[in-house]
1. Kindly provide the set of residues from region 51-63 that are under 20 Å from GLU198 (Cα atoms) and at pLDDT below 90, ordered by number.
2. Can you give me the number of residues within region 189-205 that are open to solvent by 20 Å² or more (accessible area, probe 1.4 Å), touching a strand residue (DSSP E or B) at 6+ places or on another chain (Cβ under 9 Å) and touching a residue at least 60 places away in the same chain (Cβ under 8 Å)?
3. Given the conditions (1) modelled with pLDDT of 85 or more; (2) within 26 Å of LEU123 (Cβ to Cβ), and given that LEU31 satisfies all but one, which numbered condition is not satisfied?
4. Show the residue pairs that are 6+ apart or on different chains and have beta-carbon atoms under 8 Å apart, the first residue being within region 87-108 and part of a helix (DSSP H, G or I), the second being open to solvent by 40 Å² or more (accessible area, probe 1.4 Å) and among the hydroxyl-bearing types (Ser, Thr, Tyr).
5. Taking region 212-255, which residues are surrounded by fewer than 16 Cβ atoms within 10 Å (Cβ to Cβ), on the phi > 0 side of the Ramachandran plot and assigned to a loop (DSSP other than H, G, I, E, B)?
6. Given the structure, is LEU278 in contact with a Ser or Thr (Cβ under 9 Å, 6 or more places away or on another chain), at pLDDT below 95, of a type outside the set (Gly, Ala, Ser) and over 18 Å from GLY210 (Cα atoms)?
7. For residues in region 190-227 being of a type in the set (D, E, K, R) and touching a helix residue (DSSP H, G or I) at 6+ places or on another chain (Cβ under 8 Å), which is nearest to GLY175 (Cα to Cα)?
8. Out of THR269, THR189, which single residue is at pLDDT 95 or above and β-branched (Val, Ile, Thr)?
Amino acid sequence: MSVPSFSATPAPASPVFPASSAQGAAVVTALRAAGCVFAEDEAELILSTARTPAEVSAMVERRAGGLPLEHVVGWAEFLGLRIAVDPGVFVPRRRTEFLVAQADALAGREAVVVDLCCGSGALGAALAAGLDRVELHAADIDPAAVRCARRNVAAAGGEVYEGDLYDPLPGDLRGRVGVLLANVPYVPTRDVGLLPAEARVHEARVALDGGSDGLDVLRRVTAGAPRWLAPGGHLLFETSEGQVPAAVAAVEQAGLTARVVEDEELYATVVIGTRSRLAARERSA
């Protein structure tokens, strides 16, 4: 996937002081003492984002207190883009870049794209950045995520709506969506407490908890997808390896053709559901 240069937030100022300086070394030492495994890399990001020495100190304090680095600096890198990420908003994972790459391969150069459970809007913004023309819509039930996503999706010329799954989407999208991205929560309720504290404490539970078996939200997405997908349109979502059989069953029960793609390096599993062009013609005959 080829992604052009793009920034959803202003470029950071030059580092207040380099990581190689005495003060920079002090930042590394403080982060390492707080248990940050990649203290040097994190220090570089903090130093390149902060505008004053006081801001550096505040960022280091927040990071040492357990706040995710992306929430500390206010952005996350995703497929070469700088995505704004506000406190409490789900941080886009690197493995999810695989999902966007699959969508890019299916979209052609022009597409109508919907990003459900959009969080920061990273998926829709990244896919749009690689297309020639895109009509982009995104939705999330979490008001904080919607506010954040609007900053990222607006840069791609898209719209963001607040509400439950398909409910807030414009009605004229029905039957026109070429690519439906749905990064739904898929952690079983009983396992949410086992997540790293950075996610468990600092990200909205609604972005993590997928219900008793982790697939409650997914089943609702797949059930509604045929009404929104264009003939030949695709639904793409991420899931765990152990959830694949049930996820595929949900896709097929909705009348879509399912296939599974994986990336072992990223530990990513993506299910793709496609609406048949032939079935659509038969229904309209």
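The values are calculated or read from the model by the stated rules, or taken from the named source; none is laboratory data. This one's a predicted model, so the numbers in the text were calculated from it and none came from an experiment. Counting neighbours? That spans all protein chains shown, and the Cβs are built from the backbone with ideal geometry, glycine included. We work out accessible area using only protein heavy atoms, side chains counted, and drop any ligands, DNA or RNA first. Shrake-Rupley method; radii C 1.70, N 1.55, O 1.52, S 1.80 Å.
1. Passing the criteria: none in range.
2. Within region 189-205, residues that are open to solvent by 20 Å² or more (accessible area, probe 1.4 Å), touching a strand residue (DSSP E or B) at 6+ places or on another chain (Cβ under 9 Å) and touching a residue at least 60 places away in the same chain (Cβ under 8 Å) number 2.
3. With respect to (1) modelled with pLDDT of 85 or more; (2) within 26 Å of LEU123 (Cβ to Cβ), LEU31 is out only on (2).
4. That search, which allows pairs on different chains as well, returns ARG95/TYR267.
5. GLY255
6. No: the conditions fail for LEU278.
7. ARG219
8. Selected residue: THR269, the only one of THR269, THR189 that is at pLDDT 95 or above and β-branched (Val, Ile, Thr).
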